[in-house]
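Participant: Can you keep this structure in mind? I'll have questions shortly.
The values are calculated or read from the model by the stated rules, or taken from the named source; none is laboratory data. Just so you know, these numbers come straight off a predicted model, no measurement behind them. Methodologically, a virtual Cβ is constructed for each residue, glycine included, from the backbone with ideal geometry; neighbour enumeration extends over all protein chains shown.
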Amino acid sequence: MRKLILIATCLLFISSLKSQQLYLEAGKTISSFDFKNSLGGELENLRATDHTFLSLGYRKSVFTERLFLNVTGNYSTYGSIGSDRALDNFFEWDITYIGINAGFDYEFYKPGDFTFYIKTTAAAEFLIQGTQTLNNQVFNLAGEDDFDTPIYFFRGGLGVQYKVSQKLTAFTQYMYGIAGTFKDIQGDLKINAHTFGLGLLIHLSKVEEHKSEELINLKEEVETNTQKIKELEDKSKQITDLRNEIRSKEEEIKSLRTSISKALLPYTGNELATKKDDGSIKIILENDLLFDSGKWEVKPEGENAVNALGDVLSRNPDVSIRIEGHTDNQPLIPNKEVSNNWDLSLKRAAAIVEVLRNNQNLNQKNLTAAGRGEYDPIADNSTEEGRAQNRRIEIILSPKLDELIELIKN
């Protein structure tokens, strides 16, 4: 009973292993005994006998794809026939063992669907039934102290597998084994066994591998999505910062526009002509306020207006200031000081810049002068009214976007 409990426990352990393959094998064992009687004589006319064996277990790859650990439970019967001329005795053994078998398979050659491998195992086997016939007397070996201890079998051999399907592999193998010497009631006994087996490997772990692969993929997907979520959170924060910065710039521009309108109202006499374009403010001052016809010197009243504008701009150091001069399309009579409308428009823009430069609180790095001549009209040059509108100075105020650009880059 103690042996059966031990074996059942081992088989339960085997069946609980997570494995790649279920291992089933059946075949023939051809066994013979090396026997020396109590006088040291060996058996004569020794003949081997064959019996059926059965193995059931699991097989799992370890370390590499070619090396497999196999753990099986086996049911084996051994037997032999011989005679002892010196004692004029006839012997026959018939013994059955159940045991636990563990070892390694190494797949060394894989042509197509075939796989060749070498196999080594070690087993502890326990007698469950057996008889020894001496002449005409039959002795029951079960329960005998000499046979109550396990025998240890060491085997080695070769095998070949054939892949039938994704879940099923057939194999055949040959194994040679030898058991350690032990004493029976008549002498010393050692078992030699040749086994020829056919079996199946059922790839149970394909489901487990698939699940494991799915878990790995899911884990990678979770990690990827977690990283993406973090990136999105970072981007969301950057977008929020960007929106806040844009909103702040818009408020600055709105406040600046209001301040400029108030500052220039005494000089323009009406609501200042301004235009918001792409986040910038475009202030339009007609030439009648600033210059005499054909001239580029700023008139006193115009200079006062520009100084008032400069006072407002000096309080806004983060605004770039572009002064553009514009003319109508009426040809200018060339003279020593000015050659054409383009030249006149540039001189007028530069004159406005010079007035602004007199304000020591204004950052002069923010100033730019440009002449556009007659090539950017805002009205029809075929009428006097249209030509008057085209003769103008445009002051384009743009917030410096260094912080916004840095946010966008990040």
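Participant: For SER76, which of the numbered conditions (1) over 22 Å from ALA179 (Cα atoms); (2) assigned to a strand (DSSP E or B) fails to hold?
Facilitator: (1)
Participant: Out of everything in the stretch 115-151 that is closer than 30 Å to GLN173 by Cα and among the small types (Gly, Ala, Ser), what residue ends up being nearest to the chain's Cα centre (by Cα)?
Facilitator: ALA122
Participant: Here's another thing I want to ask about it. In this structure, is LYS282 under 23 Å from GLU384 (Cα atoms), of a type outside the set (Val, Ile, Thr) and surrounded by 15 or more Cβ atoms within 10 Å (Cβ to Cβ)? So that I can check it myself, show each step before the final result.
Facilitator: On the way: under 23 Å from GLU384 (Cα atoms): no; of a type outside the set (Val, Ile, Thr): yes; surrounded by 15 or more Cβ atoms within 10 Å (Cβ to Cβ): yes.
Against the criterion (under 23 Å from GLU384 (Cα atoms), of a type outside the set (Val, Ile, Thr) and surrounded by 15 or more Cβ atoms within 10 Å (Cβ to Cβ)), LYS282 does not qualify.
Participant: Determine, yes or no, whether ILE352 is more than 60 Å from the chain's Cα centre (by Cα) and assigned by TED's automatic domain parsing to the domain that holds LYS295.
Facilitator: So ILE352 passes the test.
Participant: Quick check on my filter: what residues within the stretch 337-383 are surrounded by fewer than 15 Cβ atoms within 10 Å (Cβ to Cβ) and among the hydroxyl-bearing types (Ser, Thr, Tyr)?
Facilitator: SER339, THR368, TYR375, SER382, THR383
Participant: Does the stretch 215-233 contain at least one residue that is at pLDDT 75 or above, of a type in the set (Ser, Thr, Tyr) and in the same structural domain as ARG59 (by TED's automatic domain parsing)?
Facilitator: No, that holds for no residue.
Participant: Answer yes or no: is there a residue in the stretch 348-358 that is at pLDDT below 90, touching a Phe, Trp or Tyr at 6+ places or on another chain (Cβ under 8 Å) and not in a strand (DSSP E or B).
Facilitator: No, because not a single residue in the stretch 348-358 is at pLDDT below 90, touching a Phe, Trp or Tyr at 6+ places or on another chain (Cβ under 8 Å) and not in a strand (DSSP E or B).
Participant: Based on what the data block shows, is THR120 within 25 Å of PHE33 (Cα to Cα) and either modelled with pLDDT of 95 or more or touching a Pro at 6+ places or on another chain (Cβ under 6 Å) (or both)?
Facilitator: yes
Participant: In addition: Here are some conditions: (1) among the charged types (D, E, K, R); (2) surrounded by fewer than 21 Cβ atoms within 10 Å (Cβ to Cβ); (3) modelled with pLDDT of 85 or more. GLU25 meets all but one. Which one does it not meet?
Facilitator: (2)
Participant: Next up: Collect the residues in the stretch 84-103 that are surrounded by fewer than 17 Cβ atoms within 10 Å (Cβ to Cβ) and assigned to a strand (DSSP E or B), keeping them in residue-number order.
Facilitator: Within the stretch 84-103, ASN89, PHE90, ALA102 qualify.
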